[in-house]
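The values are calculated or read from the model by the stated rules, or taken from the named source; none is laboratory data. Remember, predicted model here, so these are calculated numbers, not experimental data. Cβ coordinates were reconstructed from backbone atoms using ideal geometry, including for glycine residues, and neighbour counts include every protein chain displayed.
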Amino acid sequence: MNETEDISKNGEDTHLVSEKSARDFNIRDYLRTSLFPHFLCPGCGHGIALRALLWAIYELDIDKNNLVIVSGIGCSGRTGAYIDANTFHTTHGRPLAFATGLALARPDLKVIVITGDGDCLAIGGNHLIHASRRNLDITCMMLNNEVYGMTGGQASPTTSETRYTTTSPSGSIEPVFDACRLAEAAGAGFVGRDVTLQMPRLKNLLRDAIQYRGFSFVEVISDCTEIFGRKNDLGESPEMILSQKSAMRPSSYGNVVDEPFRPNTLKTGILARNDRPEYGATYRAHAETIQAKGK
Amino acid sequence: MNKQEKPNSITNVLIVGVGGQGVIMVSKVLARLCQRHGFDVKQSEVHGMAKRGGVVFSHVRFGEKIWSPTVSEGNADVLLALEWAEALRWLHYLKPKTGTFIADTQHIVPPFACLKRHRGAEQRYAQETPEEIVSQVAKGYALDATGIATELGNFRVSNTVLLGTLSTALAFDEADWRDTLAELVPPKTIDTNLEAFQKGRDWVEEVKKTPKKEKNTKKPNKIAPYQQQVKIQNDIQQDLIPVITAAWCKGCDICVKMCPERCLKLNTKEVVELVEPERCTGCRICEWLCPDFAIDVVKVPTPLNEEASKSKPASLPETV
């Protein structure tokens, strides 16, 4: 199948949401309600992303006993703890490493990794590229809020240039990582990106990512209002999520006429999708042949 | 009727409707027919901004010599309306004592007729019934042309049904009408159109035969097919309302700013409140964008317009 065709088709469909699903989905079935209200700051986009993920899980009808949420350290790592499933809070930057072992040992489980931009790209950057390279059946949701929020607002690999943080008091001068291009180049089977404001579309993207058999990487553009937004005078959370939306263009639009007027806009939607063999299956087949030879 | 018989009279016909109904088609047929009989004809129309559902009107004037292309108020000999509200809107153009009024009783409700945007809210549409109007004009025909056309298998020929009715009001030969009609409609639809034309004429014959009171025994076709669809959606969403778990809300203002109806507000404790429940359409945007999971758009047992406040506490989900 032609890849571009596939992408545009998915891009157009993703804003649809069925009324039945919206009505029947009760998020409290998937939350550890005794821990609420959660620890996230007012207006933190991680909560919206969490809802999208849980809704996608609901739509795919995944049994909570077969679902494992692996999360790292940081604001994003803590969101995993609110999910009423098998959750696994790991060391900084290593959720993908833990998830790799888990997915190889227990292929019957659905492994979803929740990680942040610092967790995934700085401390665990190495694990991201190798998880992408192997194409093991893991879904990785990276919540990108451009900052290390929990530790006090240090610059992360995705902090845009000229942005102020505690470690870049005169504006960041480092070039940023495009996490989706990194994962795609490293060989991830499914790569997507969306903003939290596009809620039903984000849910559909995550649903497609979870359904994909192989390593699927989804970057969710989230907002850190309390630290990053305040320091850079980006307004309250509504303004922040609206400006994030305006800085993105759906990939299905292609090279539209207004591109010259909107330079440096990031693409959203499904950015890459291929049919590389899934590593777990290859690994097991390989093990079987060796065992057969040994006999 | 021909030029010699009525040398100095001018006939004004005003055809009104909404976009997509075929107003221009009817006026074209009429204008061509008049030209064939050697009349001077002027037709002027406004359809530019009509799109589908907007107002379209067409003035047709014919006689010995026509100067003005438009019909002035109170001067139309025939008012032909393809839609009921349009018929009422243009009624003052009709000649008070001698004008003929022909209208379809079909209702096409424009989106802005629904001022309250709550699901299932009542639409503000003309309340006048066809009987009322027909009794007030000199000569009135109100028929369910769309219903007749639907029976024929194609609702789009409703304008031809009305053309058939119009043909009885003007003194041209029936055969001429048919020829002109067949000439102008797409070749594939000639048979259906001629049949619809005949139905329109038959309807008038029937009305003339039966006593006046029994006119319009048929109920007007109030709901167009697409409106029925809308109604079904209304029934589903009518009774949705956001229920707020105050203990979880952190007052981030996202739902307040994103609500398309502006029916949420932060109170003095920085906790969101539903201040105008009657405006809520149940669109779920607040639920989806709440980062604190504090809003659940749920069904309330009774519709909002019937004392929703009483039933609200019963539907509150379990809170912590």
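Consider A:Arg181 carefully, then state whether it is of a type in the set (Lys, Arg) and in contact with an Asp or Glu (Cβ under 6 Å, 6 or more places away or on another chain). Answer is no for this residue. A search for C-beta distances below 6 Å between a residue of the range A:33-58 that is more than 19 Å from B:Ile285 (Cβ to Cβ) and any residue that is among the acidic types (Asp, Glu) and part of a helix (DSSP H, G or I), counting only pairs 6+ apart in sequence or on different chains, returns A:Cys41/A:Glu226.
Does B:Ala103 satisfy being part of a strand (DSSP E or B) and either touching a Leu at 6+ places or on another chain (Cβ under 7 Å) or in the same structural domain as B:Val137 (by TED's automatic domain parsing) (or both)? Judged against the criteria, B:Ala103 is a match. Would you be able to say whether some residue in the range A:56-66 is within 14 Å of chain B (Cβ to nearest Cβ), within 27 Å of B:Glu270 (Cα to Cα) and of a type in the set (A, V, I, L, M)? No, the range A:56-66 has no match at all.
Okay, residues lined up against (1) farther than 13 Å from B:Asn12 by Cβ; (2) surrounded by fewer than 22 Cβ atoms within 10 Å (Cβ to Cβ); (3) modelled with pLDDT of 90 or more:
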{"site": "B:Gly54", "(1), (2), (3)": "yes, yes, no"}
{"site": "B:Arg61", "(1), (2), (3)": "no, no, yes"}
{"site": "B:Ala76", "(1), (2), (3)": "no, no, yes"}
{"site": "B:Ala81", "(1), (2), (3)": "yes, no, yes"}
{"site": "B:Glu86", "(1), (2), (3)": "yes, no, no"}
{"site": "B:Leu94", "(1), (2), (3)": "no, no, yes"}
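Taking the numbered list (1) within 14 Å of chain A (Cβ to nearest Cβ); (2) modelled with pLDDT of 85 or more; (3) more than 30 Å from A:Ser237 (Cα to Cα) in turn, B:Glu206 passes all entries but (1). Only one of the numbered conditions (1) more than 14 Å from chain B (Cβ to nearest Cβ); (2) surrounded by fewer than 23 Cβ atoms within 10 Å (Cβ to Cβ) is violated by A:Gly214, and that is (2). Being at pLDDT 80 or above, within 11 Å of chain A (Cβ to nearest Cβ) and surrounded by fewer than 16 Cβ atoms within 10 Å (Cβ to Cβ) is the requirement here; does B:Ala247 meet it? For B:Ala247, the condition - at pLDDT 80 or above, within 11 Å of chain A (Cβ to nearest Cβ) and surrounded by fewer than 16 Cβ atoms within 10 Å (Cβ to Cβ) - is met. A:Lys20 meets all of the listed conditions (1) crowded, with 24+ Cβ neighbours inside 10 Å; (2) more than 8 Å from every other protein chain (Cβ to nearest Cβ); (3) in a helix (DSSP H, G or I) but one, namely (1).
Suppose the filter is modelled with pLDDT under 80 and within 14 Å of chain A (Cβ to nearest Cβ); does B:Lys299 pass it? Against the criterion (modelled with pLDDT under 80 and within 14 Å of chain A (Cβ to nearest Cβ)), B:Lys299 qualifies.
Each row is one residue, and each column tells you yes or no for (1) acidic (Asp, Glu); (2) within 14 Å of B:Asp202 (Cβ to Cβ); (3) without any contact (Cβ under 8 Å) to a residue 24 or more places away in the chain.
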position: B:Pro130; (1), (2), (3): no, no, no
position: B:Gln136; (1), (2), (3): no, no, yes
position: B:Asn154; (1), (2), (3): no, no, no
position: B:Gly164; (1), (2), (3): no, yes, no
position: B:Phe172; (1), (2), (3): no, no, no
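Scanning the range B:110-138 for residues that are at pLDDT 80 or above and within 22 Å of B:Thr150 (Cα to Cα) yields a count of 2.
Comparison of B:Val256, B:Val271 shows that the only residue that is within 23 Å of A:Asn26 (Cβ to Cβ) and more than 7 Å from chain A (Cβ to nearest Cβ) is B:Val271. Quick one: in the range A:32-45, which of the residues that are facing chain B (nearest Cβ under 7 Å) and not in a loop (DSSP other than H, G, I, E, B) is surrounded by the most Cβ atoms within 10 Å (Cβ to Cβ)? Per the criteria, the residue is A:Thr33. Being surrounded by 24 or more Cβ atoms within 10 Å (Cβ to Cβ) and more than 14 Å from chain B (Cβ to nearest Cβ) holds for only one residue in A:Ser156, A:Ser172, A:Ser168, and it is A:Ser156. Quick check on A:Leu197: is it in a loop (DSSP other than H, G, I, E, B) and within 13 Å of chain B (Cβ to nearest Cβ)? Against the criterion (in a loop (DSSP other than H, G, I, E, B) and within 13 Å of chain B (Cβ to nearest Cβ)), A:Leu197 qualifies.
Please work out if A:Ile48 is β-branched (Val, Ile, Thr), in contact with a Cys (Cβ under 9 Å, 6 or more places away or on another chain) and crowded, with 18+ Cβ neighbours inside 10 Å. When the stated conditions are applied, A:Ile48 passes them.
Do any residues in the range A:229-244 that are at positive phi have Cβ atoms under 7 Å from those of residues that are part of a helix (DSSP H, G or I), where the two are at least six apart or on different chains, and which pairs are they? The qualifying pairs are A:Gly235/A:Gly229.
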